[in-house]
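Written out below as C-alpha cells is the structure these notes cover.
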Amino acid sequence: MTRNDERMRMLEIENLQAEVAGTQILKGLSLTLNAGEIHAIMGPNGAGKSTLTYTLGGRPGYEVTGGRATFDGQDLLALAPHERAAAGLFLGFQYPVEIPGVSNVQFLREALNSQRKQRGETPLTGGEFLKIARAQADALGLSMDMLKRAVNVGFSGGEKKRNEMVQMGILDPKLAILDETDSGLDIDALRVVGDGINRIMRKPDKAVLLITHYQRLLDYVQPDFVHVLAVGRIVRSGGPELAHELEREGYGAMAA
C-alpha cells in the first residue's frame with residue numbers, strides 16, 4: 001500500500017465480531033471505505049445491520065469479541081463514543097430520539113462546540129453558530145422556529161429525518177453511517193433527505209455508509225458499491241446494479 005493509498009482509506013473493518021447480550025451477531029465482517037465513496041449495505045431483518053452501526057458508534061451493550069476497525073488512521077474501537085464523534089464519525093438513526101426540554105439550537109451548539117474543544121479548536125460564538133444553523137436549516141426546508149423547539153418533540157417522521165440532516169450538516173463529519181434513514185419517509189421527504197446527503201457528504205474527503213432495506217433511497221443517493229449483509233458478514237458486493245437485483249429477486253440464497 002502506498003502512502004497515498006493510506007490517506008485515501010477512511011474506514012477499514014477486518015473480521016469484526018460482536019455480540020449483544022451474549023448472542024453473537026457480527027461473525028467476521030470485513031469492509032473498506034475510501035474517502036469520496038458512498039457504500040450501501042442491504043440485508044434481511046436480523047442480519048446485523050443495526051448491530052454494525054451501534055458497534056462502530058460505541059454504543060454500550062455491543063461487545064466486540066474479535067477483529068478490528070480503523071477510522072481515518074485511528075483505532076476506532078479504542079475510542080470512547082464522544083471521541084469517535086469528535087474524530088468525525090456521525091451516526092444517523094432509524095428512529096431519531098426525542099429530547100424534551102432541550103432545544104435543537106441548544107443541543108447542536110453544545111454538540112458542535114464539544115467536538116471543537118475535543119479537537120483543540122475555538123468554540124463558536126452564538127452568532128457564528130446561528131449563521132451555520134440557519135444555512136443548514138434553509139437547505140433542508142426547516143424553519144428556525146423548528147430549530148428552537150425541543151429536539152424532535154412533536155416532529156413528524158419526515159421532519160425528524162430532515163432535522164437529522166441539519167445536524168449532520170452542522171457537525172460536518174468525515175464519515176456518516178446512516179441506519180435506515182429512509183424509514184417512514186414519503187416520496188417528497190425522501191427526495192429532500194437524499195439531496196441533503198448528497199450536498200453534505202458527496203465530497204472527495206468524506207465517505208458515507210448507507211444501511212437500508214430498499215433500493216428507493218439509492219435512486220437519490222447513488223452508491224459506488226452495494227454490499228449484502230447476511231448472517232453477520234458481507235456475503236456479496238457489487239455496484240449499484242446489485243440493489244436492483246435484490247429488489248427483483250430478494251435476498252434468497254444470499255441470506256441462506
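The values are calculated or read from the model by the stated rules, or taken from the named source; none is laboratory data. Values in this document were obtained by computation on a predicted structure and should not be read as measured data. Note that each Cβ is placed from the backbone with ideal geometry, even for glycine, and that neighbours are counted across all protein chains shown.
If you check 83, 14, 19, which single one turns out to be of a type in the set (Asp, Glu) and buried (at least 17 other Cβ atoms within 10 Å of the Cβ)?
Just a single option satisfies the conditions, and that option is 19.
Write out, first by first residue and then by second, each pair whose Cβ atoms fall under 8 Å of each other, whose residues are 6+ apart or on separate chains, and whose first residue, in the stretch 169-181, is touching a residue at least 60 places away in the same chain (Cβ under 8 Å) while the second is of a type in the set (Phe, Trp, Tyr) and in a strand (DSSP E or B).
Matching pairs, first to second residue: 171/90; 173/90; 175/71; 175/90; 176/90; 177/90.
Which condition number in (1) assigned to a strand (DSSP E or B); (2) surrounded by fewer than 20 Cβ atoms within 10 Å (Cβ to Cβ) is the one that residue 210 fails?
Evaluating residue 210 over (1) assigned to a strand (DSSP E or B); (2) surrounded by fewer than 20 Cβ atoms within 10 Å (Cβ to Cβ) leaves (2) as the failure.
Would you tally the residues in the stretch 95-122 being modelled with pLDDT under 90 and crowded, with 18+ Cβ neighbours inside 10 Å?
Here the count works out to 1.
What about residue 125, is it of a type in the set (Val, Ile, Thr) and either surrounded by 16 or more Cβ atoms within 10 Å (Cβ to Cβ) or modelled with pLDDT of 95 or more (or both)?
No: the conditions fail for residue 125.
Go through (1) surrounded by fewer than 20 Cβ atoms within 10 Å (Cβ to Cβ); (2) not in a helix (DSSP H, G or I) for residue 229 and report which single condition fails.
(1) is the only condition that residue 229 fails.
Within the bounds of the stretch 121-136, is there any residue that is touching a helix residue (DSSP H, G or I) at 6+ places or on another chain (Cβ under 9 Å), on the phi > 0 side of the Ramachandran plot and not in a helix (DSSP H, G or I)?
Step one: list which residues in the stretch 121-136 are touching a helix residue (DSSP H, G or I) at 6+ places or on another chain (Cβ under 9 Å), which gives 121-124, 126, 129-130, 132-136.
When the remaining residues are screened for being on the phi > 0 side of the Ramachandran plot, the result is none.
Scanning the stretch 121-136, I find no residue that is touching a helix residue (DSSP H, G or I) at 6+ places or on another chain (Cβ under 9 Å), on the phi > 0 side of the Ramachandran plot and not in a helix (DSSP H, G or I), so the answer is no.
All but one of (1) under 24 Å from residue 80 (Cα atoms); (2) free of Cβ contacts under 8 Å to residues at least 40 places away in the same chain; (3) assigned to a loop (DSSP other than H, G, I, E, B) hold for residue 205, so report the exception by its number.
The single condition residue 205 does not satisfy is (2).
Starting from the stretch 67-90, keep only residues that are more than 19 Å from residue 200 (Cα to Cα) and at pLDDT 95 or above, then list their pairs with residues that are buried (at least 18 other Cβ atoms within 10 Å of the Cβ) and hydroxyl-bearing (Ser, Thr, Tyr) whose Cβ atoms are within a distance under 9 Å, requiring at least 6 positions of separation or different chains.
69/55; 77/55
Are there any pairs, at least 6 apart or on different chains, whose C-beta atoms fall under 6 Å, with the first in the stretch 104-124 and more than 19 Å from residue 150 (Cα to Cα) and the second among the basic types (Lys, Arg), and if so, which?
Within 6 Å, the pairs are 123/116.
Would you mention how many residues in the stretch 183-194 are more than 25 Å from residue 9 (Cα to Cα) and surrounded by 15 or more Cβ atoms within 10 Å (Cβ to Cβ)? Spell out how you get there, then give the answer.
Looking only at the stretch 183-194, we keep the residues that are more than 25 Å from residue 9 (Cα to Cα), and these are 183-193.
Next, from what is left, pick out any that are surrounded by 15 or more Cβ atoms within 10 Å (Cβ to Cβ): 183-185, 189-190, 192-193.
Looking only at that region, the number is 7.
When you scan the stretch 8-58, how many residues do you find that are without any contact (Cβ under 8 Å) to a residue 24 or more places away in the chain and of a type in the set (Lys, Arg)?
0
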